[in-house]
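Step one of this worksheet: look at the structure below.
The values are calculated or read from the model by the stated rules, or taken from the named source; none is laboratory data. Keep in mind the model is a prediction, meaning the values are calculated, not measured. Note that we place each Cβ from the backbone using ideal geometry, even for glycine, and neighbour counts take in every protein chain shown.
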Amino acid sequence: MTPPTLPSYVEQDPFDLPEWLGSAEVAWRSEGALGAGHRVAGTLTSAGHQAVPCDLLAVDDAYPEPVAADTLRVRAHQVWQHGEVLVVSAGGRVLLALPGSRVGLDDAVDALRRLAKAVGARPDAWSVLLRVGR
């Protein structure tokens with residue numbers, strides 16, 4: 001049996017993200033419901049700025065295939081333990097890698113709070129808009 005080909009993620013420095021994320025009022029808008037899977041697509045937006053595609057990725061989902069390599073999973077857990085979130089990119093999208101197999105409400109808000117902190121923003125300048133349907 002051939003092992004599955006895992007998606008390729010590249011670690012990204014939060015300071016390489018657009019500067020406005022650290023100085024403007026920012027909203028992350030989900031494109032799907034939380035809890036429905038290991039990845040929730042979303043977008044970081046702010047008036048007058050080009051939107052940044054930003055997804056939440058629960059790195060521990062392993063069925064029917066792992067969603068991330070062990071090295072990425074371990075790194076995501078290490079960073080999370082230190083109060084930060086691992087920022088990676090794939091296919092032109094930014095992803096926040098967080099522990100777990102599903103993206104829940106608390107983890108989603110916490111991951112975005114950690115990203116706000118990483119880019120030097122005041123967390124109270126960021127908001128999270130979620131879809132409630134599945």
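Residue pairs whose Cβ atoms lie under 7 Å apart, sitting 6 or more positions apart in sequence or on different chains, and linking a residue in the range 15-27 that is farther than 15 Å from V85 by Cβ and acidic (D, E) to a partner that is at pLDDT 95 or above and in a loop (DSSP other than H, G, I, E, B), are E25/S46. For the range 57-77, the tally of residues that are assigned to a loop (DSSP other than H, G, I, E, B), within 13 Å of the chain's Cα centre (by Cα) and without any contact (Cβ under 8 Å) to a residue 24 or more places away in the chain stands at 0. Residues in the range 84-95 that are of a type outside the set (D, E), more than 11 Å from Y9 (Cβ to Cβ) and at pLDDT 95 or above: V85 alone. Scoring Q50 on the criteria (1) of a type outside the set (V, I, T); (2) more than 20 Å from W20 (Cα to Cα); (3) surrounded by fewer than 21 Cβ atoms within 10 Å (Cβ to Cβ) leaves a single failure, condition (2). Of everything in the range 66-82 that is loosely packed, with under 11 Cβ neighbours inside 10 Å and either touching a Cys at 6+ places or on another chain (Cβ under 8 Å) or modelled with pLDDT of 95 or more (or both), the residue that is nearest to P18 (Cα to Cα) is H82. Name the residue that is modelled with the lowest pLDDT, counting only residues in the range 16-47 that are in a loop (DSSP other than H, G, I, E, B) and either surrounded by 21 or more Cβ atoms within 10 Å (Cβ to Cβ) or aliphatic (A, V, I, L, M) (or both). The extreme case among them is A36. Scanning the range 85-103 for residues that are assigned to a loop (DSSP other than H, G, I, E, B) and either touching a strand residue (DSSP E or B) at 6+ places or on another chain (Cβ under 6 Å) or buried (at least 16 other Cβ atoms within 10 Å of the Cβ) (or both) returns V85, P99, G100, S101, R102, V103.
Filter the range 53-65 down to the residues that are of a type outside the set (D, E, K, R) and over 18 Å from R131 (Cα atoms), then identify the one that is surrounded by the fewest Cβ atoms within 10 Å (Cβ to Cβ). So the residue we want is P64.
Just a yes or no: is a residue in the range 42-52 in contact (Cβ under 8 Å) with a residue 60 or more places away in the chain and closer than 28 Å to R122 by Cβ? Checked the range 42-52: no residue is in contact (Cβ under 8 Å) with a residue 60 or more places away in the chain and closer than 28 Å to R122 by Cβ.
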